[in-house]
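So the structure is just underneath, and the comments pick up after that.
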Amino acid sequence: MGVVTKRGRTLAVAAAFVLLCAFSPLNAQVNPAGSFDELQLFAKPDDPIIVTEANGKTSRARVVQLTDDALSVQMDNATRRLSEADVVEVRQRLSDSRRNGWLIGTAIGVGAGVANVAYNCSHYGSCRTGDIGAFGLDTGLGMLVGFVVDGSIRKTSVVFRGGNERVATTPTNSALPPGQPAQTLADLRSLVRYGQQVEVVELNGNVWKGEIVGLSSKSVRVRVAGTTHDWDETQIREIKKRRKDVWWNGALIGLGAGGLTGTLMGFSACGRLDDECQANAVPAGLLGGMVIGVTAGALIDFSYKKMETAFQVPASSTHRSIGVTPILSRHLRGVSLNVSF
């Protein structure tokens, strides 16, 4: 009972530590949009947002439609259409990687496992093979706690702040055929989100990999290794985004593989004839392996980047030129025609 209680206290401290450490990642890094044009990178239809109007009223709402000129939201059981001048601030919960919480939980789980094994070895005068299963269980629980706690934290960021003077433009939204890549940055806004992993291919073939942090109808900003790069539409050949994929298939594979590995480790540590050892080590190895496997499998599957084209320059916009050069000599007269594409 003392060991179980000690493990529970340790994991409670781990959860609190993960909770404190996971508050910071996104909030300090977001550069809020200054126009509804740029806001379309953040807010998509059916997204929950918090709107502060020019009259000082703050309300929770759900996006119905967003264009360059107006924001339509479901608010107070009614649909309202707000202009850019009507809105002072928009806050939204942004997606965040759970890798930091998982890593913190893993480190604390390993520390808890080492502490429990050291306690058991000291208490019983020698280390037992069942301690291997206890170490695996503590590590797995730490990974799971870090992953779940980091994902459950509700972090909201300011994604729009009004007050910037805006130059009047013609609305640039257009209907994009399903499954087709965008051919303008204006259309790309409906296909990507803030913080999404992208690959930018320049006209000269250079490829930049990072996360998208700004997008308007005229330019795109991507953070690459901590440095923000800007491109306008004429400098880009292609933009690839990370394709949506479910994480639970990796979790299921990890669950089975981890459980099997933990069980085999429990049997091999105890031997066939040591029933008392198997009664403790095998269940602990099974549970620890399952917890480690499911969290590691989900994270590995989530970290595996499958890319698809989100923006591509139309073929008609590639550079073509025709040159005509006169040829005048004593024996020859004519023209030279040069075509490049």
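The values are calculated or read from the model by the stated rules, or taken from the named source; none is laboratory data. Since the model is a prediction, treat every value here as computed from it, not as a measurement. Don't worry about glycine lacking a Cβ; one is built from the backbone with ideal geometry, like all the others, and counts go over all protein chains shown.
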Residue selected from segment 206-227 under the condition in contact with a Gly (Cβ under 8 Å, 6 or more places away or on another chain) and outside any loop (DSSP other than H, G, I, E, B), by the criterion nearest to A296 (Cα to Cα): E211
Search result, residues across segment 225-262 that are at pLDDT below 80 and either of a type in the set (G, A, S) or over 30 Å from E308 (Cβ atoms) (or both): G250, A251, G262
Output for segment 270-298, where each listed residue is part of a helix (DSSP H, G or I), of a type in the set (A, V, I, L, M) and either modelled with pLDDT under 70 or over 15 Å from L141 (Cα atoms) (or both): A279, A281, V282
Scan of segment 220-233 for residues that are buried (at least 16 other Cβ atoms within 10 Å of the Cβ) and under 23 Å from L94 (Cα atoms), ordered by number: V220, R221, V222, R223
Test: N55 is at pLDDT 90 or above and over 30 Å from G113 (Cβ atoms): yes
Residues satisfying the stated conditions in segment 204-233, i.e. closer than 17 Å to P181 by Cβ and hydroxyl-bearing (S, T, Y): S217
Residue that is nearest to Q180 (Cα to Cα) [pool: residues in segment 234-252 that are β-branched (V, I, T) and crowded, with 17+ Cβ neighbours inside 10 Å]: I239
Within segment 204-237, tally of residues that are in contact (Cβ under 8 Å) with a residue 40 or more places away in the chain and among the aliphatic types (A, V, I, L, M): 4
Filter result for D46 (farther than 23 Å from V220 by Cβ and under 23 Å from the mean Cα position of the chain (by Cα)): yes
